[in-house]
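The values are calculated or read from the model by the stated rules, or taken from the named source; none is laboratory data. As the structure is a computational prediction, the values presented were derived from the model and not from experiment. Reconstructed Cβ throughout: ideal geometry from the backbone, glycine too, with neighbour counts over all protein chains shown. With ligands, DNA and RNA removed, areas are computed over all heavy atoms of the protein, side chains included. Shrake-Rupley method; radii C 1.70, N 1.55, O 1.52, S 1.80 Å.
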Amino acid sequence: MLKSHQISLRLLEDNDLEFLYSIENNPDNKKYGSSNVYLSKKTLKDYIKNSGADISVYGQQRFVIVLNNISIGLIDLFDFDQINRSAFVGVIVINEYQNKNYGSKALELLISYSWNKLDLLSLCVNINPVNNISISLFNKFYFKKIKETLYQLNR
């Protein structure tokens, strides 16, 4: 578990199924994402079952953003590249907790974990050009725009 004074990040657990299902299949969340695929509860159960594995096994690692024992979002590393020591980042905070700096706190923890525990050299994120909230979040941490939708942060 990763902790700051306000939030913590923990790996997925079996009891996160409904929370994960609601986020993954929320049409409002899909408008900025890269996937419009509906995910079944069975698929998500299997995903949770394997989520505790080392990032090098499945190429991804997802954390639940927790505030006062309440799950408020997800943040993950995916498309892990062991050779280039890089990964992509995704973050989503549920509506009632947005614009309260929790995404920033989660990203700060994830960057520290990526540099200090995983020894990554770069993090990337794909952001839809109309998603100004995400652009602002990643700019705050000095991610540089590489292409129209690609931003990168180097250690």
Checklist entry - Which residue, of ASN69, ASN50, ASN36, is open to solvent by 70 Å² or more (accessible area, probe 1.4 Å) and modelled with pLDDT under 90? => result ASN36
Next on the checklist: Can you tell me how many residues within segment 139-155 are of a type in the set (A, V, I, L, M) and exposed (fewer than 14 other Cβ atoms within 10 Å of the Cβ)?
Outcome noted: 1
Item to check | Index of the failed condition, GLU108 passing every other in (1) more than 12 Å from LEU9 (Cβ to Cβ); (2) out of contact with any strand residue (DSSP E or B) (no Cβ under 7 Å at 6 or more places or on another chain); (3) open to solvent by 70 Å² or more (accessible area, probe 1.4 Å) | outcome: (1)
Next on the checklist: Return the pair list, or none, for Cβ contacts closer than 8 Å from residues in segment 20-42 that are of a type in the set (D, E, K, R) to residues that are surrounded by fewer than 11 Cβ atoms within 10 Å (Cβ to Cβ) and modelled with pLDDT under 85, at least 6 apart or on different chains.
Outcome noted: LYS30/ASN36
Checklist entry - Of everything in segment 1-12 that's at pLDDT below 95 and farther than 17 Å from GLY90 by Cβ, which residue is least open to solvent (accessible area, probe 1.4 Å)? => result SER4
Next on the checklist: Regarding segment 74-82, can at least one residue be identified that is among the acidic types (Asp, Glu) and touching a Cys at 6+ places or on another chain (Cβ under 9 Å)?
Outcome noted: yes
Next on the checklist: Quick check on my filter: what residues within segment 90-110 are free of Cβ contacts under 8 Å to residues at least 40 places away in the same chain and among the aliphatic types (A, V, I, L, M)?
Outcome noted: VAL93, LEU107
Checklist outcome for this item: For LEU123, the lone unmet condition from (1) of a type outside the set (Gly, Ala, Ser); (2) over 22 Å from ASN29 (Cβ atoms); (3) in contact with a strand residue (DSSP E or B) (Cβ under 8 Å, 6 or more places away or on another chain) is (2)
Checklist entry - Among the candidates SER114, SER136, SER86, which residue alone is more than 25 Å from ASP16 (Cβ to Cβ), of a type in the set (Ser, Thr, Tyr) and open to solvent by less than 50 Å² (accessible area, probe 1.4 Å)? => result SER86
Item to check | Hits in segment 122-133 (condition: at pLDDT 95 or above and exposed (fewer than 13 other Cβ atoms within 10 Å of the Cβ)) | outcome: none
Checklist entry - If we scan segment 40-49, do we find a residue that is among the hydrophobic types (A, V, I, L, M, F, W, C) and in a strand (DSSP E or B)? => result no
